[in-house]
Structures are given as structure tokens and as C-alpha cells.
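The structure appears right after this line, and notes come after that.
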Amino acid sequence: MTPAISISRRLRSTPFTSRVTKAGVKSYTVYNHMLLPTSFRSLEEDYWHLCNHVQVWDVSCERQVEIKGPDAFRLIQLMTPRDLGNAKFGMCFYVPVCDEDGKILNDPIAIKHDDNHWWLSIADSDVILWAKGLATGYGLDVKITEPDVWPLAVQGPKADELVARVFGDEIKDIRFFRYQNINYRGKEMLVARSGWSKRGGFEIYVNDAELGKQLWDDLFSQGVDLNVGPGCPNQIERMESSLLSYGNEVDSSNTPLECGLDKYVNLDADIESLSIEALRKQKNETGVKQQLMGVIVHADPKTSLGNSLYEGADENKEDNESDQKLIGEIRSQVWSPRYQVHLAFAMCQRSGIEGKTEFTVDTNSDKGKGKAKATLATLPFNFTELALELEMELESELGL
């Protein structure tokens, strides 16, 4: 049996928890000390519904760290090596938050309300404590709080139509990673074209708990013909889309340069950032010694991948006979029903993969432990190439 989660004041529910329960949630995880649904039907059924229709997600766990005051921008810039000097009202920014060693503490979305008012919409770690510590240490004139804001995501190819029915057609003019404050039943709510999927959609920053429940009900009543349903971030979809999960494939042992986040780090910018010197040193002196890579494995769907990635492609050797070199750690994995392969993210030693073309990964199945050949890929995954490869394999099997 699956262990239950004991809900207490320390593990917070959300304004939508009663709706989520009624909608038939099957499992939760804990994220920022809050409940985050992880399954309603099954992982694969949730995936196909997200790809074809529209879902409403309770992502209240994406807490907002609100920073207000004359030194708000200075604090935000200290926290990230991304240059935010040209940020404007109405824009959202993906920002790695890094410490003095360049290690990633979180990867939130920064939202600028005005020069002296920012939100960090955070991943799963206590960013507010880091922000308060920096503000105190630097003597900054800011107030740092966690406001009563509970994001609700609407994701899927029919999301535009559904959100327009509830908020009006003006939402269709919101560009990607932009937002507008839009009136809903007499209350302004921030609506951003964003979300943790590549299927399109919005995140609505609900700032009234009771209105939030009404919003949930409105989205479902207005979306019956769109096959609206409850949903949640989906492991299959997000890995096919190469969306990173802080705490899984990216954590505080890594720098942005190791995780393919170079474009969010402005090493040449003249900015006051706590991590910039460490990252410049890594780039120009010590070097980037490990790299997050995609892994593709052709194996039975019921097989699961182990944690170890090896150099070489001998999948028949027993573990005690193998002289294969360990070169990477599998950090996240999933079976892709669309592409009929296992996908994984692995942190790899660059010295172990450069110039190499053959790799092996541990596997577990009903038959016991084993090994399978693995292909490394740069992220994001190129599924055009993968689809062509699968087509060629099928033709070969059929003798065409």
C-alpha cells in the first residue's frame, strides 16, 4: 500500500484542496511545505489528456517571495547572475538564484511589478530565508514577505479558449513570459502566459482564497465542451519538453553552467551579483567539469533505469566482471509513450563523455538487474531526429 501523508498546519493545504480532493486526486507530494497533486488518473492518462485537451492545476506551492522597498532591485540582482537591468513591468524572467560559490539555490520566475516591488515565484526551497539573510547582511532597505497568493495553472492546447471565456479575450494578447493584471469578479489578478509544460497556457496568481474557489468552479463549468479536467505537472511531458526540476536533476551541488543554463547567466555584465565571480572563475579558469545531459534508452516499458551511467556499450557483462567506467548519475527518468523510449537526465563527467559514443545504464525489471545501451543527447531533446531513428529501426525490423 502507498503510505499516506499526514496533513497538519506544518504541511499546508491550499484554497483549492477541497476541489482537488473532489476531483479525484490519487497522490500528492510535498513542495515548499505544501501539498502538490501528482496524479489524478494515471501518469500516462494524465499525460495524454494534457497533450490533447486542457487541465487546471493547483500549483499554490509555487510560493511568492515578495521584496519591496528602495533596495528591492539591488537585492534581486545580488541573488542572481542574470542581468535584470533592462527588466520592465509586465515581464517575467527565469532566474537561477545562486550562492557565493555559484551553486544553484533555486530557479524561480522573477516578476517585476515596479522598480521597488518584485516577486520571486519559487521552486522547492526556502528562498525567503536566503533573501532575509542577504538583506540583513548587506543592510538593505527592503521588506521581505510571503504574500497570500496561490497560483492556479491552466495548461494544454485549449487553454487559451478556456481562460478567454473566464477572463475575456484580452488574455490572448499576452505574449509568452509576459503578464497583465486582469479583473476577475471585481478583483485584479495577475495572469501570466507561463507554466511548467510546453503545451501552452497560463498561470493565474490568485490573491483571494474565496474567489479562487469560484475561479476553479468557473473554469470547470466553462470548459465542459473542451474536456477540461484536473491535472498537475506531469513527469512525462516535462521531461519530453526538457523542463528542469529543482531538487531532482538540478540541486545545490550544481552551477548554472553545469546545467545548460548559460543563457541565463551574464558573465560579461557589470552587475552586483553574489555569484558572478565564482561563475566567471569556473568558466575561464577551473572549467566546467560536469554537464547535465539527456539519456535515451531503448528498453521494455516496464523496465526502470538505475542510477548509474557507464562508458562503453557492453550490456552483457555481469556487474562483478565489468570494467566499465562510471561517468554519470541518472537523476530523473520516465518512459515516453509517445516516442516509445526511456528518457532520463544525467549529470555526467565531461571527461567521461567527450569523444565517446557508446554508453550503458543499469536497469531493473521483473527479470532482475541488468544493463542496457544508452544514447546521450544534448538538451533539449531533438525528437525530430529520434522519430527518424525509430522509423529506420522499424523499417529494418520489417526488412524494408
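Observations on the model:
- Measuring between alpha carbons in the structure, the pairs from K88/K143; K281/K356; K26/K289; K68/K198 lying more than 30 angstrom apart are K26/K289; K68/K198.
- Shown in residue order for region 169-179 are the 3J(HN,Hα) couplings computed by the Karplus curve 6.51 cos²θ - 1.76 cosθ + 1.60 at θ = phi - 60°: 5, 4, 5, 5, 8, 6, 7, 4, 6, 10, 9 Hz (x for Gly and Pro).
- Each Lys or Arg adds one and each Asp or Glu takes one away; over the other residues whose Cβ falls under 12 Å from the Cβ of A269, this sums to -2.
- Ranking S332, S308, S6 from most to least accessible surface, computed with a 1.4 Å probe over the protein chains only, gives S6, S308, S332.
- Placed amide H near G90: partners under 5 Å, 5+ positions off or other chain: K112
- Packing rank of 157-163, 168-174, 13-19, where each peptide gets the mean count of other beta carbons within 10 Å, highest leading: 157-163, 13-19, 168-174
- Shown for the chain: the carbon plus sulfur share of the solvent-accessible area, taken with all protein chains present and a 1.4 angstrom probe, equals 46%.
- Loop trypsin sites (Lys or Arg not before Pro), region 77-117, which have at most 16 other Cβ atoms in a 10 Å radius of their Cβ (DSSP): K88
- Mean Cα-pair separation over length for the chain, i.e. relative contact order, pairs under 8 Å, 6 or more apart, %: 16
- Estimated dipole of the chain in Debye, rounded to 20 [Cβ of Lys and Arg +1, of Asp and Glu -1, Cα centre]: 1060
- Legend: residues H342, H113, sorted from most to least accessible area (1.4 Å probe; ligands, DNA and RNA excluded), read H113, H342.
- Extension gain for the segment L11 to N116, taken as residue separation times 0.36 nm less the Cα-Cα distance, is 34.7 nm to one decimal.
- Overall dimensions of region 190-309, expressed as equivalent-ellipsoid semi-axes from the Cα gyration tensor (√(5λ), whole Å, largest first), are 36, 25, 11.
- In this structure, the amide hydrogen of S308, modeled 1.01 Å from its nitrogen in the peptide plane, lies closer than 5 angstrom to those of I330, D362, counting only residues at least 5 positions away or on a different chain.
- What the chain shows is 47 Å² of accessible area per residue, with the surface traced by a 1.4 Å probe over protein heavy atoms.
- Charge sum, other residues only, whose C-beta stays under 10 Å from K158's C-beta, Lys/Arg counted +1 and Asp/Glu -1: -2
- 3J(HN,Hα) from dihedral phi, region 238-246, Karplus parametrisation 6.51/-1.76/1.60, rounded to Hz, x for glycine, proline: 6, 6, 4, 8, 6, 8, 7, 10, 5
- Simple label model, 7 Å out from Cα along Cβ direction - S241 to A4, nm: 3.4
- Cα-Cα pairs of region 9-60 separated by more than 13 Å (percent): 60
- Hits among aspartates and glutamates - C-alpha to C-alpha of K325 under 17 Å, sequence gap 8 or more where chains match: E311, D314, E315, E354, E358, D362
- Under-5 Å amide H pairs with W196, H placed in peptide plane, nonlocal only: none
- For region 21-35, Karplus couplings with θ = phi - 60° (6.51, -1.76, 1.60), whole Hz, Gly/Pro x: 5, 5, 6, x, 4, 9, 7, 10, 10, 10, 9, 6, 6, 10, 7
- Per-selection Rg to Rh, the chain - Cα, Kirkwood hydrodynamic radius: 0.98
- Charge-dipole axis of region 146-247 as Lys and Arg at +1 and Asp and Glu at -1 on Cβ define it, positive-most pick from S245, Q214, A164: S245
The values are calculated or read from the model by the stated rules, or taken from the named source; none is laboratory data. Here the structure is a predicted model, which is why all the values come from computation and not from measurement. We place every Cβ from the backbone using ideal geometry, glycine too, and count neighbours over all the protein chains shown. Calculation scope for accessible area: heavy atoms of the full protein, side chains included, ligands and nucleic acids excluded. Shrake-Rupley method; radii C 1.70, N 1.55, O 1.52, S 1.80 Å.
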